[in-house]
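A quick write-up on the structure given underneath.
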């Protein structure tokens, strides 16, 4: 059950669950009325530690931090939420509102305990409380705040609550995942397009140069992590050190964009050239989904088309692309729905049927979960924008 809960919490953070599945899992786990705060615990100066420490020492710091967090959570509590290891030396906790001490005080305890017990320090970003189904919002807010820790020298507790000087904006996790997928596919053009959108979204948040350097390192690390998953040779330590030095010279988001365009573009090209991208069967499956998403498409049908078992196919799609079969299917359907909402006068119910949903109400729930607006609200906003542009 613990592995199931950990996976569920990770899906919650990333906003990956359709509304119907989310409601069902919350009912099974008896979490319908749960309120939580998101705590992100990050090693300070992680890109420097990664570069100048041995891999064994660096991994030791991560293990020590995780063990200490788990110990603090278990103190005086029969049941504690899992410590979720994220990428780039960051751990996430979904801290229930019913727990004591308050989230901010617990964050201070974490920072003090790590500092007194080990030779490294951490910063903790706190956001919440939120209803459990809304934690992806808290995650985005906390991430923006955590990436500002270098400006403050690290070893900080950073509150992202609206009443306590929250940062403006959220970190675009969805674009970050799309970027990793583009690298995995070896698609240089998509890498540049997604990277441009991600950095422009962050550029509006007036981040200092130290934050941009941390973001550059995080995105580079994710790219190399994808490369390792695709069985490319590990990056030599000297190369990582040189790239970290290059990052230290970057001061604006435009500098970051040019540098990452080159670094991640080269990585994507290596994956494409060496044939380490998605297998032919997975490519055929994705192409079939793209061509048939408007139908009542089932995994078994796609698996039969590529001559694989459904279980093996869904495993390989997730492993090779970073997204599940349902995420790919839902993505195509919602993109087509957005196009029809903006470019046609079709009723919302008819659009739902046309893009593959049998239940218009469920379509509206999925659309709102993904974009924060119902289909009708989205169409109204587009019409309003068009009128203001013309006037």
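The table below lists the values:
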read-out	value
Only listed residue being outside any loop (DSSP other than H, G, I, E, B), outside the structural domain of residue 214 (by TED's automatic domain parsing), within 30 Å of residue 46 (Cβ to Cβ) and free of Cβ contacts under 8 Å to residues at least 60 places away in the same chain, chosen from 318, 284, 243	318
Residues within the stretch 371-387 that are in contact (Cβ under 8 Å) with a residue 40 or more places away in the chain and closer than 12 Å to residue 337 by Cβ, tallied	1
Qualifying positions in the stretch 287-312 - part of a loop (DSSP other than H, G, I, E, B) and in contact (Cβ under 8 Å) with a residue 40 or more places away in the chain	293, 294, 295, 296, 297
Test: residue 93 is closer than 30 Å to residue 174 by Cβ, buried (at least 24 other Cβ atoms within 10 Å of the Cβ) and in contact with a helix residue (DSSP H, G or I) (Cβ under 9 Å, 6 or more places away or on another chain)	yes
Residue satisfying condition, being at pLDDT 80 or above and either buried (at least 19 other Cβ atoms within 10 Å of the Cβ) or out of contact with any strand residue (DSSP E or B) (no Cβ under 6 Å at 6 or more places or on another chain) (or both), within set 249, 274, 280, 238	249
Residue check, residue 129 assigned to a loop (DSSP other than H, G, I, E, B), in the same structural domain as residue 45 (by TED's automatic domain parsing), touching a strand residue (DSSP E or B) at 6+ places or on another chain (Cβ under 6 Å) and modelled with pLDDT under 90	no
Residue within the stretch 137-147 that is without any contact (Cβ under 8 Å) to a residue 40 or more places away in the chain and surrounded by fewer than 18 Cβ atoms within 10 Å (Cβ to Cβ) present	yes
Filter result for residue 123 (touching a residue at least 60 places away in the same chain (Cβ under 8 Å), within 26 Å of the chain's Cα centre (by Cα), farther than 12 Å from residue 39 by Cα and outside any helix (DSSP H, G or I))	no
Members of the stretch 339-350 that are closer than 20 Å to residue 384 by Cα and either touching a helix residue (DSSP H, G or I) at 6+ places or on another chain (Cβ under 7 Å) or part of a loop (DSSP other than H, G, I, E, B) (or both)	340, 341, 342, 344, 345, 346, 347, 348
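Listed here are the residues, each with its yes/no results for (1) out of contact with any strand residue (DSSP E or B) (no Cβ under 8 Å at 6 or more places or on another chain); (2) touching a residue at least 24 places away in the same chain (Cβ under 8 Å); (3) in a helix (DSSP H, G or I).
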position	(1), (2), (3)
57	yes, no, yes
61	no, yes, yes
87	yes, yes, no
93	no, yes, no
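One line per residue, one yes/no per condition, for (1) loosely packed, with under 14 Cβ neighbours inside 10 Å; (2) over 24 Å from residue 14 (Cβ atoms):
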residue: 40; (1), (2): no, no
residue: 45; (1), (2): no, yes
residue: 76; (1), (2): yes, yes
residue: 79; (1), (2): yes, no
residue: 87; (1), (2): yes, no
residue: 102; (1), (2): no, yes
residue: 108; (1), (2): no, yes
residue: 112; (1), (2): yes, yes
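The values are calculated or read from the model by the stated rules, or taken from the named source; none is laboratory data. Everything quoted here is computed from the prediction, not taken from an experiment. Positions of Cβ are generated from backbone atoms using ideal geometry, with glycine treated the same way; all protein chains shown enter the neighbour counts.
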